[in-house]
Amino acid sequence: MFEPYLCPICHRNRTHFTLIYKLEQEVQLDPKTGVPVFESQELEPVLRPDGTPDLEVRCARCNYVASETAFIPRRSPENGKTQPRRRGP
Ligand SMILES: [Zn+2]
């Protein structure tokens, strides 16, 4: 389910954005040197508790970057719940 974006800073851009996906990688470090002694070969997308990708969004007009929720102007204050969304991989 998609929702329209609106940049909260310039208030003009509803169409051009860059989606920034977060990836997580498990590592184990040497406690003295910080050198990785193990690095997972897999980069996993960071997911929210509801299973949707944890996105940040950059406005292509003013380059403001924030969590995706900041770009979704319409919220439902009654229940405070976000709608499940599917976007990206
Ligand atoms: Zn903007």
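The values are calculated or read from the model by the stated rules, or taken from the named source; none is laboratory data. If you're wondering where the values come from, they're calculated on a predicted model, not measured in any experiment. In this analysis, Cβ positions are derived from the backbone assuming ideal geometry, glycine residues included, and neighbour counts consider all displayed protein chains. Calculation scope for accessible area: heavy atoms of the full protein, side chains included, ligands and nucleic acids excluded. Shrake-Rupley method; radii C 1.70, N 1.55, O 1.52, S 1.80 Å.
Any residue at all in the range 1-23 that's in contact with an Asp or Glu (Cβ under 6 Å, 6 or more places away or on another chain) and open to solvent by 90 Å² or more (accessible area, probe 1.4 Å)?
No, the range 1-23 has no match at all.
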Q | Enumeration of residues in the range 54-76 that are over 18 Å from the mean Cα position of the chain (by Cα) and among the polar types (S, T, N, Q) | A | SER76
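Need a quick list: strands (runs of 3 or more DSSP E) entirely within the range 2-53 having at least 2 residues that are under 18 Å from the mean Cα position of the chain (by Cα).
Qualifying strands (runs of 3 or more DSSP E): 17-21.
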Q) Is it fair to say THR15 is hydroxyl-bearing (Ser, Thr, Tyr), free of Cβ contacts under 8 Å to residues at least 24 places away in the same chain and within 16 Å of the ligand (Cβ to nearest atom)? A) yes
